[in-house]
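Peer 1: Here's a structure for you.
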Amino acid sequence: MMQSAVKTAALWACALCLLYCPPAARGEEAHDIDRGNFGIFQSGELEDEVFGWYYHEHNGYGTQKHIESARRMRYENTVVMQRSGEKRLYDQNILLASLFRGQVLHRELGNMRDLLKGAVFIDIGSGILCGRGAPTVRDIFEDDRLWTNLSFIIATDINGPHSRYIDSYRIHRRDLPFPVRMVGMKMIWRRHFYTLTRGLLGAGTPLILRSANAGPDLYYPPHYLIEHFRAILREYRERNVLYLYNKFVLFKPAEESCFQKIGEIDSSVGMSHRSRTWNKVDWEKRRLEDFFTPNEGIITVQRGVTGSSGRN
């Protein structure tokens, strides 16, 4: 009788794991789930596009076996999980510089400079132990075209059970010229974002989020990702939000409840997982039209901004 009860409990535990555990936690690839249309994006087609690319990235580089390897394998002065590099995401600098120069026009809302001026910029998963620390956030901080148009520039990282990056930073470094905030292993509830931006946002302050080669765009299982987007939409409903999500440039206008795609960034540089492609780019000559494909149904773009920045 006792053995039968134990066996029954074990079977129930297995069934519950199959139902509720993310595929990555079971060492599996993530497969498409029946999302329907959750209203996260402006259209079902855009939802399919974003999730289709996410599956490509996650299954290729972000499953549990990839995570375990990235925690152990060395990369420069740290591990692969902290892999980053100065200028890796510099295409985004050029895009934001174009925006703050008034060269990106939203067809319904007008100049996007006016929609995002004074925004708080938050990078999710900044590689704070790599090189001089948070290299791509440092690129934003040292770019005169950008920091003068932002009210705060914030780096973030995790303190996971096997990844005590925040602790290591606080003990050994504390030398970055911008604030570092801790984020959890999952950011899927409104309170996660309330805590993240507490004390930073005034009434109507715009927000620029970035996840590039980090948890939300690479390591999250799909049901986490759905809730991640939903939490952002709910917590920041009254604000203009620009989300640099992997190669996608997403925008949520204030008082709207879904993301639009305003364009895509060439993924072969900043999203390269196998080589340091960004070191081969002549950033002084690179222009917006070299890497950015605008969604012309949503925005128009005046070309011409290059990679030159200013502050060092």
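Peer 1: Counting only residues that are among the basic types (Lys, Arg) and either at pLDDT below 50 or surrounded by 11 or more Cβ atoms within 10 Å (Cβ to Cβ) (or both), give me the helices (runs of 4 or more DSSP H) lying completely in the stretch 1-112 with at least 2 of them.
Peer 2: Details: elements: 2-20, 44-61, 64-72, 90-100.
Qualifying helices (runs of 4 or more DSSP H): 64-72.
Peer 1: Any residue in the stretch 267-279 that's under 19 Å from Val137 (Cα atoms): show its pairings with residues that are assigned to a loop (DSSP other than H, G, I, E, B) and of a type in the set (Gly, Ala, Ser) at Cβ separation under 8 Å, as long as the two are six or more apart or on different chains.
Peer 2: Correct list of pairs: Gly270/Ala212; Met271/Ala212; Arg276/Gly85; Trp278/Gly85; Trp278/Ser272; Asn279/Gly85.
Peer 1: For Asp167, are the conditions met, namely being more than 17 Å from the chain's Cα centre (by Cα) and modelled with pLDDT under 95?
Peer 2: Details: more than 17 Å from the chain's Cα centre (by Cα): yes; modelled with pLDDT under 95: yes.
Taking the combined requirement at face value, the residue satisfies it.
Peer 1: Oh, and also: Could you check Gly131 against (1) exposed (fewer than 14 other Cβ atoms within 10 Å of the Cβ); (2) in a loop (DSSP other than H, G, I, E, B) and say which number it fails?
Peer 2: Failed condition: (1).
Peer 1: For Arg237, all conditions in the list (1) in contact with a helix residue (DSSP H, G or I) (Cβ under 8 Å, 6 or more places away or on another chain); (2) among the basic types (Lys, Arg); (3) farther than 23 Å from Trp53 by Cβ hold save one; what is the number of the exception?
Peer 2: (1)
Peer 1: With the requirement that a residue be surrounded by 24 or more Cβ atoms within 10 Å (Cβ to Cβ) and at positive phi, what does the stretch 113-128 give you?
Peer 2: Gly125, Gly127
Peer 1: Identify, by number, the condition in (1) closer than 27 Å to Val269 by Cα; (2) touching a residue at least 40 places away in the same chain (Cβ under 8 Å) that Ile153 doesn't meet.
Peer 2: (2)
Peer 1: Turning to a different aspect of this structure: Of the residues in the stretch 83-128, how many are within 18 Å of Arg276 (Cβ to Cβ) and among the basic types (Lys, Arg)?
Peer 2: The number of residues fulfilling the criteria is 3.
Peer 1: Which residues, counting only those in the stretch 182-193, are within 15 Å of Ala134 (Cα to Cα) and buried (at least 17 other Cβ atoms within 10 Å of the Cβ)?
Peer 2: Of everything in the stretch 182-193, just one residue is within 15 Å of Ala134 (Cα to Cα) and buried (at least 17 other Cβ atoms within 10 Å of the Cβ), namely Val183.
The values are calculated or read from the model by the stated rules, or taken from the named source; none is laboratory data. From a predicted model like this one, the values you see are computed outputs, not experimental measurements. Virtual Cβ from ideal backbone geometry, glycine too; neighbours counted across all protein chains shown.
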